[in-house]
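Only one structure is covered here, and it is reproduced in the block below.
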Amino acid sequence: MYHMCRLSFSIVAFLLLPHCLSAQWLPAEGRSLNYRIIGFSFPIEKKAANYRVEIAQGHYIVVDSFEKHLVCGADGHTNRIVVEVPAFATDYTWRLITSVNSQKSIKSELHHFSTAYCRKADSSLFRLRILRQAEKYHDAFVFVDASKTMYDMNGRPVWFLPSIGGDEDFAARDLKVTPQATITFIAENKNIYEINFDGDVLWKGPVTGTVAGWATEQYHHSFTRLGNGHYFVLGQEPVWWDTTTYRADYHHYADSIAQVMPNTPNPLIQRTNFGTLIEYDEKGNPVWYWKSSDYFRGSDLRNYQKPPGSREIDVCENGFYVDEKKKEIYLSFQGISRILKIRYPEGTVVNTYGELFRQGYSADGHRLFCAQANVGLSGDSCLYLLNTSCGMDLNPGLEMLRVATDGTDSVNRVWDYQLPSEIIDTSTLMHWRKGRDRGLIDLGGNISELPGKEFFVSLYMPFGYLFIVSRDKNMLWTAVQERWFEPEKRWVQETHGRSNLVLGKKELEKLIWNNK
C-alpha cells in the first residue's frame, strides 16, 4: 500500500537546526493541519539506529486495522522526519517504529491528526495547471495569493492560509517567506501579518493610520520583512491636491466634488491617494517612513497632464526594493512610469528614473519602461522590472536597466524579454488595451530574481500566468491559475496579485521546524 502516497523527504535535522535532546510528539494529538507536508517529531531513543514513521489513512485505535490501511511512511536517523500525506480533509493515524538494533524494534502507541479542508485548496474548484514542467526548480513551491495556497511545482496544493480572526474569506496579497523562516502577507482591508507554518499569528501591524493621518494606513501591494528583523510595507495617504495648474477640461470633475463636498474651499482641490513607505520594528512601532506627497508637491508632477478620461492623479506606488547593505531604496510608481532611488534613512531622493514632465507637454512614455510592475535590483546591480508597455506597439515584457555610475539619472537597457504568445495572446491584449481609461495595459504582478539569475514572474489581469525564464530567454516553467466556473462548466483563468517562490525543500524545512 506504500505506493499510494508519494513519500516526502527525510530531514537530517541537525544540519539545519540544533539537535534537540528531547522533543514532544508532533503533530499534537487530534490536531487539524492546514498542510500536507508534515513535520513529525518525537522523543529521542539514545540507542536508536533508525526511526520510521508509518501513516494510515483513517482514524484507528486497533493496531490490526491501522496496519491494513497504511498509505505512506518515511525513515530517518534523527527525531525529526517530514512526510507528505496524500490529501486534505482526511483523518490520519500514525506510529513510530524505533529500531534499536537488528534484533529489536520499539513500536509506539497510535497517534492521530487530520488535514483540514479549504475551498480554495480544493483542486476541483481551484487549480494551478502546469503548462511546462520544471527541471531546475522542480523541488520549489509557489505561494499564489488568489487561492491563498502553496503548490508544489507540479501544481499539487500542499499548504493553505487558514482563517485569521475567524475570517476565512479575506483577500490576501504578497504571501512570501521571510529571512526569519516565517510567512508574511497583506490581508486586504484588514492588516499586515506574520505567521508560522501552522498559521499562528506571530506579529501584526498597527490598525490605526498614524503615518497617513487617516483611519488606517491602507496597506497595499508589497510587504517585506528584512534581514534586520524590521518590516517594510506600502501604505496610502489621502491628500487634497491642488489641480489649478491642470487643463480646464478637468474642471467638471472638481465641480462635481464641490457639489458633493460644498465645504471644500477650492473646487479645484481634489483628494488623491499618495503613497507611503513605512518601517515597523518588532514591537509594531513605526520607526521610519517616507511620504511621496512630500516629494511630489515640489516636483515636476505639477506639469503632468492627465490622459483623457482620467479623473485624478494616481501615481500608484506599487513596489519597492530595500538594499540593506548600501542603505538605498528603490520605489516604483506605476501610474506615472517612474522609479525613485531614495537614500536611507535620510529619505532624500538621489535619482529619478523615468520621464520628467514639462509644462505644456503631454506625457508620452519613457520608451524604456512604462506602467512597470514592481522593481528589484539584480545581483549584478541592474534594475529589473515587468514592463507593461502602455500604448507602445510592443507586448509587455521583462527588462533589465543598467543605472549610471556617475550619479546621473540615466539608465540603459541591457536585457529585455517580450512575453511570448503562449503567455500573452494578441487578441486578449488588444481587447484589454481598448478597455483601459488611460490607454494603459496595467497588467500588474511581480518579478523576482532567482539564485541562478533566472526570473520568476507572476502576471496579474487579464492573465493568470506564472513562469520562470532564464537570461538566455528559455522558459523553464509555466503555469496558470484557474477556477472552475460552474455556470458554464469550464475552467477559467483566475487573476492573482503577487506570487512568490519557496526555493526548495531546505527552505520549506526551515518553515516547518521554526519554533518547534
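The values are calculated or read from the model by the stated rules, or taken from the named source; none is laboratory data. Here the structure is a predicted model, which means the values were calculated and not measured. Every residue, glycine as well, gets a Cβ built from its backbone with ideal geometry; the counts of neighbours run over all protein chains shown.
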Condition test on Y330, is it surrounded by fewer than 20 Cβ atoms within 10 Å (Cβ to Cβ) and under 16 Å from V233 (Cβ atoms)? no
Quick one: in the stretch 96-124, of everything that is loosely packed, with under 14 Cβ neighbours inside 10 Å and more than 40 Å from the chain's Cα centre (by Cα), which residue is farthest from A172 (Cα to Cα)? Q103
Does the stretch 97-134 hold any residues that are out of contact with any helix residue (DSSP H, G or I) (no Cβ under 7 Å at 6 or more places or on another chain) and aliphatic (A, V, I, L, M), and which are they? I97, V100, I106, A116, A121, L128, I130, L131, A134
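Residue by residue, here is whether (1) under 29 Å from E507 (Cβ atoms); (2) of a type in the set (S, T, N, Q) holds:
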| site | (1), (2) |
| --- | --- |
| F66 | no, no |
| V82 | yes, no |
| V85 | yes, no |
| T90 | yes, yes |
| S99 | no, yes |
| K104 | no, no |
| R132 | yes, no |
Looking at the structure I just gave you, is T93 touching a Leu at 6+ places or on another chain (Cβ under 6 Å), surrounded by 14 or more Cβ atoms within 10 Å (Cβ to Cβ) and modelled with pLDDT of 95 or more? yes
Examine the stretch 139-147 for a residue that is surrounded by fewer than 17 Cβ atoms within 10 Å (Cβ to Cβ) and touching a Ser or Thr at 6+ places or on another chain (Cβ under 9 Å), and state whether such a residue exists. no
Can you tell me how many residues in the stretch 196-207 are β-branched (V, I, T) and in contact with a Ser or Thr (Cβ under 7 Å, 6 or more places away or on another chain)? 1
For K190, state whether it is at pLDDT below 95, over 14 Å from the mean Cα position of the chain (by Cα), of a type in the set (K, R) and buried (at least 16 other Cβ atoms within 10 Å of the Cβ). yes
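Could you count how many residues in the stretch 373-407 are assigned to a loop (DSSP other than H, G, I, E, B) and either aromatic (F, W, Y) or at pLDDT below 90 (or both)?
13
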